[in-house]
Amino acid sequence: MAGIFNRLFKIGQSEAHSIVDKLEDPIKMTEQGIRDLKRDLGEAMHSLAEIKGLAIRLKKQADDSGKLAQDMERKAMLLLQRAQSGEIDPAQAEQLAMEVLNEKESADRRAAQLFQDYQNQNAMSQQLQAKVEDLRKTISTYENELVTLRARAKTANSMRRVNQQLAKIDSSSTLNMLEKMKQKVSEEESLATAYGEVAAGTTSLEARVSQVLTTRVADNQKSLEDLKRKMGLLPPAP
């Protein structure tokens, strides 16, 4: 029986060690993975801020170029209107209007290019924003898994310590101790019984002596009374 217990304890101890060994590396790997992901998240958020900042600047530059193109068109129209009214030489007005229109076209092209760049950067920022959110969720998932792994590792360590303690128990020596204890108790019980019998025997002897003495005194008393009645000192017995 002791051999069976020892084998069971060893099996439990082996399984506990195996569980702990399997859990230690995943915990360390998860902790490192979370640290790496958080570092990546920080870098991604920094990049996202830069891309969003660039998109904002591009949008503003595109708007400014669009406003400049509109202003150039308005100036060209104003030159033609003043030439029409005779305020400015028509030839000079048309020459200036053409130059202004060239500036307008350049501003339009620049505005269109800047707006296209803005759209590209904005699309990239949206994609990166989605990846940042996914990364946040991944980190949260890994952190929850890490809590579970730590709890499992703690339980496995407790099981290992208990099994180690149980494995150290020598069943045969424990049984020997119990048998010795039983023998000692039996001896004490026998000794107590013997003392009881001795005490009972002593009491019986005293009782017998007392009975004899009491009987002798009673017999002597009766003889004395009979003698007194015979001498007429006591009335006859009823």
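The values are calculated or read from the model by the stated rules, or taken from the named source; none is laboratory data. Fair warning: this is a prediction, and the values are worked out from it, not measured in the lab. Note that each Cβ is placed from the backbone with ideal geometry, even for glycine, and that neighbours are counted across all protein chains shown.
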Point to revise | Members of region 7-45 found to be at pLDDT 85 or above and surrounded by 16 or more Cβ atoms within 10 Å (Cβ to Cβ), listed by number | key: Ile34, Leu37, Leu41, Ala44
Check your understanding: Of all residues in region 124-139, how many are surrounded by 12 or more Cβ atoms within 10 Å (Cβ to Cβ) and either of a type in the set (A, V, I, L, M, F, W, C) or over 18 Å from His46 (Cα atoms) (or both)?
Key -> 6
Exercise for review: Output yes when any residue across region 56-63 is surrounded by 17 or more Cβ atoms within 10 Å (Cβ to Cβ) and either among the hydroxyl-bearing types (Ser, Thr, Tyr) or in contact with a Lys or Arg (Cβ under 9 Å, 6 or more places away or on another chain) (or both), and no when none is.
Suggested key: yes
Exercise for review: Go through (1) in a helix (DSSP H, G or I); (2) assigned by TED's automatic domain parsing to the domain that holds Leu54 one by one and return the number of the condition Ile88 breaks.
Suggested key: (1)
Study note, to complete from the structure: Expected output for region 174-203 (first residue at pLDDT 65 or above, partner in a helix (DSSP H, G or I), Cβ below 8 Å, 6+ apart or cross-chain) is Leu175/Ala2
Review point. Within the set of pairs 6 or more residues apart or between chains, which connect a residue that is small (Gly, Ala, Ser) inside region 222-238 to a residue that is modelled with pLDDT of 70 or more with Cβ atoms less than 7 Å apart?
Key: Ala237/Arg229
